[in-house]
Amino acid sequence: MEAEIPGQAGRRAGKPSRTYYLEVYGCSLSEFDALIMASRLEEAGYRRVARPEDADVILVNTCAVRLDTEQRIAERLEKLRLQLPDRKYVVAGCLVKARPGLVARLVPEASLLAPQAVERVLDAVDALESGRRLVVLDGRRDTRSMPQLPITDAVVTVMIQEGCLGDCSFCITKVARRQVRSYSPRVIVERVREAVEKGAREIRLTGTDVAVYGVDLPGKPNLADLVAAILEKVEGDYRIRVGMMTPDQVEPYLDSLLDVYRDERVYKYFHLPVQSGDDEVLKIMKRNYTVSEYKAIHRRIKSRFPDAMIATDIIVGHPGETWEAFWNTVRLVEELRFEKVHLAQYSLRPHTEAASMEQVPDSVKKERSRILGKIVAEIGLEINGSYVGRRVRALVTERSWREGSMTGRLDNYTPIILPYEERAMGRWVYAEVEEATFFDLRSSKFEPAP
């Protein structure tokens, strides 16, 4: 659906808007889409400002994955509109596609852009300048080109594809990003090469499900082919971090991918969501694998790379999860001892199959999250605690959220927190691990690595 709807010209009508403010919610895909909008605006002469009150145009790129995030976005939009009623608003992203009526009620004068329409941001602003609003809820992502990518510290994020082939009962993202659209290897390699030449040292390949990369392209190159092409055609001392892969989609070519991972320039990091350790719950979730099939993938990875970090996602309290099913998930976590777990309580989302099922009480979800969270933390502390006293080599890639510190990454992507020194950014260092938490390592000193 696309429409230009008459609106009310604000006090700034007739005066070209030259400043914009951008607020981003959600995952790395949302950040990438925000980058596209910022790039298009700045190419047209707009200047980004740090405060919404200093902007002519306010852009909000949204997320729809969880109810609490949706509520936070709704509160923010209401507050912005109340405080700055004469600004021009463009709201984009997954919440626009999944719940356009909600967004239109919150900001009725805003232009609305689905994730696949973010390239139209200038059209959206132009419509507002003319007293109209542009609403684009459909379309196909243009993957023929990719904007130049900004480098944050020593990190660059590259969206390689959008969309998935699954039909998970809990997922609203499929409403917003259903169709698989992949950027060509040529476009991706070109942008990675540019980023490395400008100083990027960590290349994050991201997507809705990077395991389905290439199914829509001529010749159907897969993720292993893409990573191999980058390694072959981009010279330099960098590391590739591969994003989230659904187990059933990566399994058919897993051996080829593991062969590519032998290159030292690929972090030995695998993000493979299991979601539940119970076969019946996996069936209700419409995940296309069994617990035993997931275990087999885990074994294949660990047989090749024993120190690999395997990160996973787990939902507790999904409709149909009994206490017995929950304890099966606990047993799986204790058996596989994941290096990293993203643990979430099930969040009811509209337009999903799970929303119409009998719900697990919130009190039960909270209790299960507490139990499993404690076990996850204990395992993580045991794993990271084994590094204490060891001298490790790490690539410093970004500032830490802790003031005065920075993050280095081991070959398996384990983070180590170090005191900040600008000269160390993008460089290899040695550090002795002094302490550990369940999610990182820490040291108060380091030295340059040759």
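The values are calculated or read from the model by the stated rules, or taken from the named source; none is laboratory data. Just so it is clear, the structure is predicted and the values come from calculations on it, not from any experiment. Here the Cβ is made from the backbone with ideal geometry for all residues, glycine too, and neighbour counts use every protein chain on show.
For the structure I just gave you, tell me whether Ile73 is in a helix (DSSP H, G or I), among the aliphatic types (A, V, I, L, M) and surrounded by fewer than 22 Cβ atoms within 10 Å (Cβ to Cβ). Answer is no for this residue. Could you say whether any residue in the range 422-431 is touching a Ser or Thr at 6+ places or on another chain (Cβ under 9 Å), surrounded by fewer than 22 Cβ atoms within 10 Å (Cβ to Cβ), at pLDDT 95 or above and over 20 Å from Lys340 (Cα atoms)? So far as the range 422-431 goes, yes, one or more of its residues are touching a Ser or Thr at 6+ places or on another chain (Cβ under 9 Å), surrounded by fewer than 22 Cβ atoms within 10 Å (Cβ to Cβ), at pLDDT 95 or above and over 20 Å from Lys340 (Cα atoms).
State which residue is nearest to Leu272 (Cα to Cα) when the search covers only the range 238-252 and only residues that are in a loop (DSSP other than H, G, I, E, B) and in contact with a strand residue (DSSP E or B) (Cβ under 9 Å, 6 or more places away or on another chain). Walk me through how you get there before you give the answer.
Of all residues in the range 238-252, those in a loop (DSSP other than H, G, I, E, B) come to 238, 243, 245-246.
Okay, now just the ones that are also in contact with a strand residue (DSSP E or B) (Cβ under 9 Å, 6 or more places away or on another chain), so 238, 243, 245.
On the way: Tyr238: 23, Gly243: 9, Met245: 5 Å.
Restricting to residues being in a loop (DSSP other than H, G, I, E, B) and in contact with a strand residue (DSSP E or B) (Cβ under 9 Å, 6 or more places away or on another chain), the top hit is Met245.
Annotation: of all residues in the range 253-304 being touching a helix residue (DSSP H, G or I) at 6+ places or on another chain (Cβ under 7 Å) and among the aromatic types (Phe, Trp, Tyr), the one that is nearest to Glu235 (Cα to Cα) is Phe270. Restricting the range 370-393 to residues that are among the aliphatic types (A, V, I, L, M) and in contact (Cβ under 8 Å) with a residue 60 or more places away in the chain, the residue that is surrounded by the fewest Cβ atoms within 10 Å (Cβ to Cβ) is Ala377. Among the residues here, Phe305 does not qualify as more than 30 Å from Asp411 (Cβ to Cβ) and either in contact (Cβ under 8 Å) with a residue 12 or more places away in the chain or in contact with a strand residue (DSSP E or B) (Cβ under 6 Å, 6 or more places away or on another chain) (or both).
Are any residues in the range 253-287 part of a helix (DSSP H, G or I) and of a type in the set (Lys, Arg), and if so, which ones?
In the first step, residues of the range 253-287 are kept if they are part of a helix (DSSP H, G or I); the result is 253-261, 279-285.
Answer for the range 253-287, where residues must be part of a helix (DSSP H, G or I) and of a type in the set (Lys, Arg): just Lys283.
Checking the condition of a type outside the set (S, T, N, Q), buried (at least 20 other Cβ atoms within 10 Å of the Cβ) and on the phi < 0 side of the Ramachandran plot, which residue from Glu353, Glu367, Glu339, Glu324 passes? Of Glu353, Glu367, Glu339, Glu324, the one residue that is of a type outside the set (S, T, N, Q), buried (at least 20 other Cβ atoms within 10 Å of the Cβ) and on the phi < 0 side of the Ramachandran plot is Glu339. For first residues located in the range 163-188 and charged (D, E, K, R), partners that are outside any loop (DSSP other than H, G, I, E, B) and buried (at least 22 other Cβ atoms within 10 Å of the Cβ) and lie 6+ apart or on another chain with Cβ distances below 7 Å form the pairs Arg177/Cys94; Arg177/Pro115; Arg177/Glu162; Arg181/Gln161; Arg181/Glu162. Only residues that are at pLDDT below 95 and assigned to a helix (DSSP H, G or I) were counted in the range 53-70, giving 4.
Of all the residues in the range 45-55, those that are under 21 Å from Val103 (Cβ atoms) and touching a Lys or Arg at 6+ places or on another chain (Cβ under 7 Å) number 1.
Residues that are touching a Phe, Trp or Tyr at 6+ places or on another chain (Cβ under 8 Å), closer than 30 Å to Ser276 by Cβ and assigned by TED's automatic domain parsing to the domain that holds Pro252: list the helices (runs of 4 or more DSSP H) wholly contained in the range 138-237 that include at least 2 such residues. Reasoning before the result, please.
Values: elements: 173-176, 185-197, 223-233.
Passing ranges, in order: 223-233.
For the range 105-159, give me the residue count where each residue is of a type in the set (Ser, Thr, Tyr) and either crowded, with 18+ Cβ neighbours inside 10 Å or closer than 30 Å to Glu422 by Cα (or both). Number of matching residues: 4.
List pairs: first in the range 394-407 and basic (Lys, Arg), second in a strand (DSSP E or B) and modelled with pLDDT under 95, Cβ under 9 Å, 6+ apart or cross-chain? Cβ pairs passing all conditions: Arg399/Thr152. With the requirement that a residue be in contact (Cβ under 8 Å) with a residue 12 or more places away in the chain, out of contact with any Phe, Trp or Tyr (no Cβ under 9 Å at 6 or more places or on another chain) and outside any helix (DSSP H, G or I), what does the range 89-132 give you? Selection gives Tyr89, Val91, Ala92, Arg99, Leu112, Leu113, Ala114, Ser130, Gly131, Arg132.
Based on this model, can you work out whether Tyr294 counts as closer than 15 Å to Arg241 by Cα and buried (at least 21 other Cβ atoms within 10 Å of the Cβ)? No. Is it the case, given these coordinates, that Val392 is of a type in the set (Val, Ile, Thr) and more than 20 Å from Glu339 (Cα to Cα)? So Val392 does not fit the description; no. What do you reckon, is Pro361 of a type outside the set (S, T, N, Q), farther than 25 Å from Ala296 by Cα, free of Cβ contacts under 8 Å to residues at least 60 places away in the same chain and not assigned by TED's automatic domain parsing to the domain that holds Ala64? Answer is yes for this residue.
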